[in-house]
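*Asks:* Please read through the structure below; I'll follow up with questions.
The values are calculated or read from the model by the stated rules, or taken from the named source; none is laboratory data. Please read all numbers here as calculations on a predicted model, not as lab measurements. Glycine gets a Cβ as well: all are built from the backbone with ideal geometry, and neighbour counts include every protein chain shown.
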Amino acid sequence: GYDTPYCDGRQTIVHLFEWKWTDIADECERFLGPAGFCAVQLSPPNEHAVIGEDGFPWWQRYQPVSYKLDSRSGTREQFIDMVQRCNAVQVRIIIDAVVNHMTGLGRSGQGSGGSNFNADNLDFPGVPFSSSDFTPREMCPSENGQINNYGNVEEVRNCYLVGLTDLYGASDYVRQKVADFFNDAIDIGVMGFRVDAAKHMWPADLEAIEGKTHDLNTAAGFPSGARPFFYHEVIDQGGEPITVDEYFGVGRTTEFRFCKKIAWGINDFGQLGSIYDPGWGMAPSDKALVFVDNHDNQRGHGGAGDVLTYKAGRDYTMGVSFALAHDYGFMRIMSSYYFDNTDVGPPGSSNGGNTDSPIINGDGSCGGGWVCEHRWNAISKMVGFRNAVAGTNIANWYQVGDNVAFSRGDKGFFAMSKYGDFDMTLQTGMPAGSYCELISGCANMVTVNGDGTAQISIHNYEEPVFAICVACDG
Ligand code: ARE
Ligand code: CA
């Protein structure tokens, strides 16, 4: 099905937001492969508007001009090289696919790949798309042609999202052009797609597009007959008529309630026990793509409010570590650049020039304006933990006050103490033995007794997290 990633058991996607392809290829080889990441989610790889008057913001990438693989992150040649080098170290590539719309009204000129376009004339010769490929005006019930009311399903799917020219997904020609774009990427060796603004597309149109896609490329190491992996950006926090379950037939859905649940749970550990709340309509585990924050809600765009970001420091470490230890959903980690201005693009981009590469410091952290949450010590170690305990469920739950602990079957045990001060003998559910504590890099060893109990100690304010597992390399 479309909800299955092919990662040889690896369990975590990292969104390398606005990274260049050459840097991603390096990062796959020097870090992501060895650390056990499943895949990288890219910023949109296709040709986009270049919006100098707003300082070349990150969001220009969400205004497509054509499906040429030529973007701020790099050329088609660099894209192919990245896919091959990442696949070679078992790290798969996932495209951020912006296929609900083209650029915003009022925009014209040349895109990042040199194609001309004129949005007001609905003219995108680089595809080509022309006026008949956009949703007919009479199908949009709103007065100004824009989405104003999220309570009206026709409006959400047939009108213009923040002025973005809306593609007519019922048209076979449009479906084929989108499928051609997907197939080009699949044939290069890409594993899957995050479908941007999928809430604004009819599920039947997505199903038709997916039906036209190739199987994954066996030459890139995928099993024969494997279908591409899809997750759909559907912001459903209750209270609107469009719900995530409408998309379960076409892949996974982004679960935005998880972001809030994690933020609330870190604030009050008493709420950590109900992170997955089916009563709130949250997607079941095998349909949910989960994350603590994303590129929108970390900066006050779609679905913001009550989310932890890198700016929360140790609270963020706790939130992401807990999410990685948990058994709910398929996990995506955000990897950001520092920002104050919520429009600003990646380091180096504001003069229109090239994006700066991250600097890798001697201690493994990033510099040059890049946060690299995926390299934070506890977070990267917990990626290994999640792989080691895959397939097990939470057991031996303990939560009292500001401390929480649980096992993952008999494969691993996790604990977290809000103020980094915890000593207790707990049932780990694990086989007797001596285990390396992962977060400390094996500086601390832990003895599990014959009855499964162990003395669990946390004395680290900055990284108040503890993890042991059978079959983790430490
Ligand atoms: C920019 C300018 C606009 C301008 C437009 C067209 O900011 O002022 O009108 O260009 O010229 C991103 C940015 C937008 C940006 C856009 C295009 O966030 O600011 O617009 O790129 O450059 C809704 C959608 C959801 C969407 C969020 C942001 O449902 O799909 O809005 N998220 C995705 C991406 C974004 C991206 C787009 C879609 C567009 O992840 O990065 O936009 O490709 C409630 C509803 C949600 C709604 C939310 C916000 O929570 O439930 O459904 O999310 O409000 O309105
Ligand atoms: Ca639409």
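*Asks:* Examine the range 380-394 for a residue that is farther than 30 Å from residue 354 by Cβ, surrounded by fewer than 24 Cβ atoms within 10 Å (Cβ to Cβ) and over 25 Å from the mean Cα position of the chain (by Cα), and state whether such a residue exists.
*Replies:* No: the range 380-394 contains no residue that is farther than 30 Å from residue 354 by Cβ, surrounded by fewer than 24 Cβ atoms within 10 Å (Cβ to Cβ) and over 25 Å from the mean Cα position of the chain (by Cα).
*Asks:* Mind telling me which of the residues 241, 284, 223 ends up being more than 24 Å from residue 184 (Cα to Cα), over 20 Å from the mean Cα position of the chain (by Cα) and at pLDDT 95 or above? Show your work before the answer.
*Replies:* Details: 284 fails: over 20 Å from the mean Cα position of the chain (by Cα); 223 fails: more than 24 Å from residue 184 (Cα to Cα).
Criteria check complete, one pass: 241.
*Asks:* In the range 371-385, what count of residues is obtained for those that are touching a residue at least 40 places away in the same chain (Cβ under 8 Å) and out of contact with any Asp or Glu (no Cβ under 8 Å at 6 or more places or on another chain)?
*Replies:* Counting residues in the range 371-385 that are touching a residue at least 40 places away in the same chain (Cβ under 8 Å) and out of contact with any Asp or Glu (no Cβ under 8 Å at 6 or more places or on another chain) gives 10.
*Asks:* Residues in the range 222-234: is at least one in contact with a strand residue (DSSP E or B) (Cβ under 9 Å, 6 or more places away or on another chain) and over 30 Å from residue 319 (Cα atoms)?
*Replies:* Yes, the range 222-234 contains at least one residue that is in contact with a strand residue (DSSP E or B) (Cβ under 9 Å, 6 or more places away or on another chain) and over 30 Å from residue 319 (Cα atoms).
*Asks:* Of the residues 213, 165, only one is of a type outside the set (Gly, Ala, Ser), within 16 Å of ligand 2 (Cβ to nearest atom), at negative phi and not in a helix (DSSP H, G or I); which?
*Replies:* 165
*Asks:* For residue 49, are the conditions met, namely being among the aliphatic types (A, V, I, L, M) and closer than 20 Å to residue 382 by Cα?
*Replies:* Against the criterion (among the aliphatic types (A, V, I, L, M) and closer than 20 Å to residue 382 by Cα), residue 49 does not qualify.
*Asks:* Hey, another quick one. Are any of the residues in the range 175-183 within 16 Å of ligand 1 (Cβ to nearest atom) and surrounded by 21 or more Cβ atoms within 10 Å (Cβ to Cβ)?
*Replies:* yes
*Asks:* So, of the residues in the range 200-217 that are free of Cβ contacts under 8 Å to residues at least 60 places away in the same chain and within 16 Å of ligand 1 (Cβ to nearest atom), which turns out to be surrounded by the fewest Cβ atoms within 10 Å (Cβ to Cβ)?
*Replies:* We begin by selecting, within the range 200-217, every residue free of Cβ contacts under 8 Å to residues at least 60 places away in the same chain; these are 202-208, 211-215, 217.
Filter again for within 16 Å of ligand 1 (Cβ to nearest atom), leaving 202-203, 205-206.
On the way: 202: 16, 203: 18, 205: 22, 206: 24.
Looking at the filtered set, the residue picked out is 202.
*Asks:* Something else about it: Which of the residues belonging to the range 153-162 are within 13 Å of ligand 1 (Cβ to nearest atom) and either out of contact with any Lys or Arg (no Cβ under 7 Å at 6 or more places or on another chain) or part of a loop (DSSP other than H, G, I, E, B) (or both)?
*Replies:* 153, 155, 157, 159, 160, 161, 162, listed by residue number.
*Asks:* Out of the range 163-174, which residues are of a type in the set (Ser, Thr, Tyr) and either within 14 Å of ligand 1 (Cβ to nearest atom) or within 12 Å of residue 135 (Cα to Cα) (or both)?
*Replies:* 165, 168, 171
Residue by residue, here is whether (1) hydrophobic (A, V, I, L, M, F, W, C); (2) assigned to a strand (DSSP E or B); (3) more than 16 Å from ligand 2 (Cβ to nearest atom) holds:
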residue	(1), (2), (3)
193	yes, yes, yes
222	yes, no, yes
225	no, no, yes
242	yes, no, no
257	no, no, yes
260	no, no, yes
265	no, no, yes
276	no, no, yes
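*Asks:* Here's something else I'd like to know. For the range 81-152, which strands (runs of 3 or more DSSP E) that fit wholly inside it have 1 or more residues that are within 16 Å of ligand 2 (Cβ to nearest atom)?
*Replies:* Values: elements: 92-97, 101-104, 108-110, 116-118.
Passing ranges, in order: 92-97, 101-104.
*Asks:* Could you list, in sequence order, all residues of the range 278-319 that are assigned to a helix (DSSP H, G or I), charged (D, E, K, R) and within 16 Å of ligand 1 (Cβ to nearest atom)?
*Replies:* Once the filter is applied, which keeps residues that are assigned to a helix (DSSP H, G or I), charged (D, E, K, R) and within 16 Å of ligand 1 (Cβ to nearest atom), the range 278-319 yields only 299.
*Asks:* I'm checking my understanding of the structure. Among residues of the range 39-86 that are under 14 Å from residue 114 (Cβ atoms) and polar (S, T, N, Q), which one is surrounded by the fewest Cβ atoms within 10 Å (Cβ to Cβ)?
*Replies:* 75
*Asks:* Which one of these is modelled with pLDDT of 95 or more and part of a loop (DSSP other than H, G, I, E, B): 37, 31?
*Replies:* Going through 37, 31 in turn, the sole match is 37.
*Asks:* Okay, next question. Assuming residue 148 fulfils every condition listed in (1) within 30 Å of residue 23 (Cβ to Cβ); (2) surrounded by fewer than 19 Cβ atoms within 10 Å (Cβ to Cβ) apart from one, which condition is it?
*Replies:* The failed condition is (1).
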